[in-house]
1. Just to check I understand the Karplus step: with θ = phi - 60° and J = 6.51 cos²θ - 1.76 cosθ + 1.60, what whole-Hz values come out for the range 230-244, glycine and proline as x?
2. Pull up all non-local amide H partners of Cys31: gap of 5 or more, or a different chain, and H-to-H distance under 5 Å with H placed in the peptide plane.
3. Between Asn226 and Asn289, how high is the FRET efficiency from 1/(1 + (r/R0)^6) when r is the Cβ-Cβ distance and R₀ = 22 Å? Nearest 0.05.
4. Whole angstrom only: what separates the Cα centroid of the range 223-245 from the Cα centroid of the range 290-351?
5. Which cross-chain or sequence-distant (5 or more) residues have an amide H under 5 Å from the amide H of Tyr98, H modelled 1.01 Å from N in plane?
6. What ranking do 233-239, 214-220, 322-328, 187-193 get when scored by the average of other Cβ atoms within 10 Å per residue, highest first?
7. Counting only other residues whose beta carbon sits under 12 Å from that of His111, what net charge do I get with K and R as +1, D and E as -1?
8. Per residue, how large is the accessible surface of the range 249-350? Use a 1.4 angstrom probe and give square angstrom.
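The values are calculated or read from the model by the stated rules, or taken from the named source; none is laboratory data. From a predicted model like this one, the values you see are computed outputs, not experimental measurements. With ideal geometry, Cβ positions are generated from the backbone for all residues, glycine too; neighbour counts draw on all protein chains shown. Note: areas computed on protein heavy atoms with side chains; ligands, DNA, RNA excluded. Shrake-Rupley method; radii C 1.70, N 1.55, O 1.52, S 1.80 Å.
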Amino acid sequence: MRRILTLPAVLSLVWGVLAVLLPSAANAADCATAWNAGAVYTGGAVVSHNGHNWSAKWWTQNETPGSADVWGDQGSCTGGSGGGTACSYPNWVAGQFYAVGSIVRYTDGNHYIAVHENPGYDPVISHWYWDPYTCSGGPTNPPDPSGFVVSQAQFDQMFPGRNAFYTYSGLVSALSAFPAFAKTGSDTVKKQEAAAFLANVGHETGGLVHIVEQNTANYPHYCDPNQSYGCPAGQAAYYGRGPIQLSWNFNYKAAGDALGLPLLTNPWLVQQEAAVAWKTALWYWMTQNGPGTMTAHNAMVNGRGFGETIRSINGSIECNGGNPAQVQSRINSYQRFAQILGVSPGGNLSC
């Protein structure tokens with residue numbers, strides 16, 4: 001016998017089927033912490049963006065969920081730590097400089113984060129410079145896990161044409177050798193020191209392009225035979241290498257002793273391993289007065305200014321009118337890097 005269903009019964013049956021097939025809004029997952037362009041995420045990290053949770057498949061930074069393959073869509077979400085709208089970010093101002101990671105409230109009531117520095121471009125027009133930002137009430141620009149004040153995105157912006165040898169990961173790895181670097185004083189001082197260091201090493205290497213000294217005719221001149229340990233790696237083995245262009249047998253000996261590395265007998269390590277290269281640059285920056293009266297680190301943290309770092313690195317040749325064009329080149333780089341980090345360069349820029 002055929003059973004005839006009444007309309008209410010049919011509707012009830014259809015609704016029951018749909019309830020099985022369609023997820024209930026009440027059962028939607030909680031939103032994870034909102035995605036941030038300036039943050040670093042590793043494989044397995046989960047964030048929320050535009051009402052969905054996303055899972056990172058591998059290491060990523062500044063790649064927008066929904067438009068980059070690195071992010072896997074985990075479905076819609078609601079509420080949770082990333083679903084709130086608690087925001088206290090400033091209103092966008094046309095013509096005002098914004099560093100990478102800056103978050104603003106636009107005139108449409110929505111928020112946007114700067115993924116490239118810009119002089120106040122309109123967030124709803126200049127999509128290359130701005131990405132939509134979902135507020136979570138969390139930190140506006142989480143620091144790199146290493147605690148370094150320069151993110152990889154900012155590092156890449158500073159050195160867009162750098163040699164692949166000079167990796168950001170190598171620099172971050174080297175920081176453990178000198179924990180006071182860019183971590184001393186106020187946030188302003190920390191950023192100023194990082195900008196000053198990177199400006200000087202950029203100048204020494206043509207924008208982190210050159211790993212070794214280009215004038216090979218100089219190579220045999222960096223062996224001081226008066227040192228008791230001599231030049232065991234060879235007369236011409238102690239030429240400039242790395243971000244600070246470490247040279248001379250006595251510098252390789254001192255840096256090697258300080259870092260626990262056999263640089264006197266194997267100076268080639270500086271051009272073969274990125275972390276070693278960065279460590280030698282930090283060693284000079286943190287411990288050597290050079291032709292100056294203080295270390296470059298002390299010059300920055302004690303308020304002597306960027307000009308004093310030039311004196312510590314190459315002051316005997318460039319300062320006091322020796323080569324004003326080279327001094328100005330260093331200053332220009334420092335000012336640009338300070339701008340990228342969103343910090344004032346301070347005074348005493350020249351030597």
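1. x, 10, x, 7, x, 4, 9, 9, 10, 6, x, 9, x, x, 9
2. HN-HN under 5 Å from Cys31: Thr78, Gly79, Gly80, Ser81, Gly82, Gly83.
3. 0.60
4. 27 Å
5. Asn118, Gly120
6. Packing order, densest peptide first, comes out as 187-193, 233-239, 322-328, 214-220.
7. -1
8. 40 Å²
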